[in-house]
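Below: one structure, written as structure tokens.
Rule-based calculations on the coordinates, nothing more; no lab input. Please read all numbers here as calculations on a predicted model, not as lab measurements. Counting neighbours? That spans all protein chains shown, and the Cβs are built from the backbone with ideal geometry, glycine included.
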Amino acid sequence: MKRDQRTCRACIDAGYPLESWPVIAPREGQRAYLFGQAPGIVEGEERRPWRGRAGQTLRRWFELDEDAFYETFYCASVTRCYPGRQASGRGDRAPTPEEQRLCSRWRDHELRLLQPQLVVTVGGLAARTLLNVRSVTECVGVRYELDGVPAVPLPHPSGASSWLNLPENRERVVAAVDLIRNELARL
Ligand code: SF4
């Protein structure tokens with residue numbers, strides 16, 4: 001599956017302006033599935049997930065170093081190629097519904113093959129996609145189930161989001177990280 005995913009160009013063939021090749025989870029054998037929105041520019045260049053500042057923040061939340069982070073989580077996302085900047089120049093372009101649909105086959109393969117024992121979504125799009133929730137505020141700090149597997153949403157750790165500045169939201173993140181760590185201890 002990874003070999004096929006590595007060379008996927010389905011969105012390019014459909015006319016979307018992607019700016020990297022697919023970003024691939026670097027290891028195998030993880031029992032937790034981390035599901036974000038889409039790679040950023042650094043991840044697209046390195047073709048590895050969570051390499052930039054947001055990844056550092058995520059590892060700080062979990063108190064995991066890089067090796068432990070990648071050994072713990074199989075890192076995937078709604079779409080797997082860097083989508084480029086928004087036309088306004090402010091932030092990265094959100095994947096279109098059609099790109100999300102095209103890339104969903106990789107997620108479906110992964111969940112079927114990996115059978116993860118914990119799912120962690122990162123950011124609003126990932127939570128809406130897998131857990132059918134409406135907003136990050138509603139779901140962060142709550143434990144869900146996805147086909148019988150525990151699922152815990154996190155907000156996107158990007159410093160660009162003002163959501164994290166509110167004290168009540170920081171408490172939601174602490175509660176979500178506690179839930180995740182408890183679930184990881186059980187695996
Ligand atoms: S975003 Fe997904 S479906 Fe689209 S080209 Fe990249 S790997 Fe393929």
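Its residues counted as N, the range 20-186 yields a C-alpha radius of gyration over 2.2 N^0.38 Å of 0.96. Here is how the number arises for the chain: DSSP H runs of 4 or more residues each give -39500 (n - 2.57), the sum is divided by the residue count, and the result at 222 nm is -12500 deg cm²/dmol.
Based on Cα contacts under 8 Å between residues 6+ apart, the chain shows a relative contact order of 22 percent. Helices of the chain meeting both criteria, an alpha-carbon length of 18 angstrom or more along the long axis and an average Kyte-Doolittle score not below -0.5, with helices taken as full DSSP H segments, do not occur. Label 7 Å along Cα→Cβ of residue 186; the range 102-131 residues with amide nitrogen under 19 Å? Zone members listed by number: 115-122, 131. With loop membership from DSSP and a limit of 10 other Cβ atoms within 10 Å, the longest segment of the chain without GluC sites (Glu not before Pro) is 64-187.
Considering only 97, 22, 153, the mean-square fluctuation computed in a Gaussian network model of the chain, springs between alpha carbons under 10 angstrom, is largest for 97. Note on residue 88 and residue 60: their simple-model spin labels are 2.6 nm apart, each label 7 Å out from Cα toward Cβ. Evaluated with a Cβ-only charge set (Lys, Arg +1; Asp, Glu -1), the chain carries a dipole of roughly 240 debye about its Cα centre, given to the nearest 20. Which residues does a label at residue 46 reach in the range 115-132, if reach means a backbone N under 20 Å from a point 7 Å past the Cα toward the Cβ? In the range 115-132, the label zone of residue 46 (backbone N under 20 Å from the point 7 Å along Cα→Cβ) covers 122-123.
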